[in-house]
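Peer 1: Mind having a look at this structure? Questions to follow.
The values are calculated or read from the model by the stated rules, or taken from the named source; none is laboratory data. None of these values were measured; they are calculated from a predicted model. Cβ placement follows ideal geometry from the backbone for every residue including glycine, while neighbour counts extend to all protein chains displayed. What goes into the accessible areas is simple: the full protein's heavy atoms, side chains included, and nothing from ligands, DNA or RNA. Shrake-Rupley method; radii C 1.70, N 1.55, O 1.52, S 1.80 Å.
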Amino acid sequence: MTLLARTDARDDALGELFEPSTFGAGGAEPYAAALRNAENVLYLRRARSEPHALPFVIDAGRWSADADATDLRLLTGITGPVLDIGCGPGRMVRAAMGLGLSALGIDVSATAVRMAVDSGLSVLRRSVFDPMPLEGAWAAALLVDGNIGIGGDPSALLERCAALLAPDGALLVELSQDPDTDDRYDGTIEDASGGRSAIFPWAELGLAGLRERAGDAGLFVAEDWRQGGRWFARLLRA
């Protein structure tokens, strides 16, 4: 059994004790329900927005589907171990393993981790800010599907990701469609039946904000591209 696949009593204890105020946690747990129902749609709302403000619509089914060509491009040129941060049911972990790469996913959702592990993937229930296997040795770390918003502080998240990378490692980030977006707020997740999560800190970041924050984390934007209606960037150590 490899390091990436290994779990132990300490990991299980962390999972039981770790109840974060993060994406979709608490309340009626609409995030967990959506993962169990691939057709479920979620709505990301600002906790303090006007009552009739339009939410951001999320297709939760995509998280459980196979990686598409847009996803797979993120892994082009990667030869070492891949860490998928906020991996959900493990779409990108499965894609990396399918390319012959060692891969590990982390997520704070017990449901997401259980689904991924049950399908044979290496996934831990853990926050990116917790101790991690292969600290400073990951060839690639992924922040896709809006996960640059984790914790509501992109600067802190970028700094942490930089510490996880090998000296020649790459951080792959999915960005807002608006390059000038640089927004932090408290959000909630709702499902179609009105179930609502606890309030959690979140952020949205476009290319301009990423470039500005990357330097403070010891990174720089080496490349950015649009594909499949999405916008990505590849960051390397400065």
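Peer 1: Accessible area per residue, 1.4 Å probe, Å², for the chain: what's the number?
Peer 2: For the chain, the solvent-accessible area averages 46 Å² per residue.
Peer 1: Karplus couplings for region 63-71 from phi (6.51 cos²θ - 1.76 cosθ + 1.60, θ = phi - 60°), rounded to Hz, Gly and Pro as x?
Peer 2: My calculation for region 63-71 gives 5, 9, 7, 5, 4, 9, 4, 5, 4 Hz in order.
Peer 1: Another question, if that's okay. Once amide H atoms are placed 1.01 Å from N in the peptide plane, what residues at a sequence separation of 5 or more from Val41, or on another chain, have their amide H within under 5 Å of its amide H?
Peer 2: When sequence neighbours closer than 5 places are left aside, the close amide H contacts are Ala192.
Peer 1: Give me the percent of the accessible area of region 88-238 that comes from carbon and sulfur atoms, probe 1.4 Å, all protein chains in place.
Peer 2: Values: 2740 of 5630 Å².
Answer for region 88-238: carbon and sulfur cover 49 percent of the accessible area.
Peer 1: Right, next: How much net charge surrounds Ile85 when only the other residues with a Cβ under 12 Å from the Cβ of Ile85 are counted, with Lys and Arg +1 and Asp and Glu -1?
Peer 2: Net charge in that neighbourhood comes out at -3.
Peer 1: Using a Gaussian network model of the chain with C-alpha springs under 10 Å, which one of Thr70, Thr188, Thr111 is most mobile by mean-square fluctuation?
Peer 2: Highest fluctuation among the options: Thr70.
Peer 1: Say the dipole of the chain comes from +1 at the beta carbon of Lys and Arg and -1 at that of Asp and Glu; which of Leu142, Thr188, Ile78 then lies farthest toward its positive end?
Peer 2: Toward the positive end, the furthest listed residue is Ile78.
Peer 1: With Kirkwood radius over Cα pairs in Å defined as stated, name the option among (1) 18.4; (2) 17.9; (3) 20.4 computed from the structure displayed.
Peer 2: After the calculation, the listed value that fits is (2).
Peer 1: Taking the Cα centre as origin and putting +1 on Lys and Arg beta-carbons and -1 on Asp and Glu beta-carbons, what dipole magnitude results for the chain, to the nearest 20 debye? Intermediate results must be reported in sequence, preceding the final value.
Peer 2: Details: 22 positive and 34 negative charges, 56 e Å.
Roughly 280 debye, rounded to the nearest 20.
Peer 1: Counting pairs of alpha carbon atoms under 8 Å apart in space and at least six apart in sequence, what relative contact order in percent does region 102-238 give?
Peer 2: About 22 percent, as a whole number.
Peer 1: Note down the relative contact order for region 132-175 as a percent, whole number, built from C-alpha pairs under 8 angstrom at least six residues apart.
Peer 2: Across region 132-175, relative contact order equals 59 percent.
Peer 1: While we're looking at this one, here's another question. If each DSSP helix of 4+ residues adds -39,500 (n - 2.57) and the sum is divided by the residues in the chain, what number results at 222 nm, nearest 500 deg cm²/dmol?
Peer 2: Value at 222 nm, helices only: -6500 deg cm²/dmol.
Peer 1: Which whole-Hz couplings ³J(HN,Hα) result when phi for each residue of region 215-229 is put into the Karplus expression 6.51 cos²θ - 1.76 cosθ + 1.60, θ = phi - 60°, listed in order with x for Gly and Pro?
Peer 2: Here the 3J(HN,Hα) series is x, 5, 8, x, 10, 9, 7, 7, 7, 9, 7, 10, 7, x, x Hz.
Peer 1: Return a whole-number percent for the relative contact order of region 32-106, with Cα pairs under 8 Å and 6 or more residues apart as the contact set.
Peer 2: Reported relative contact order: 25 percent.
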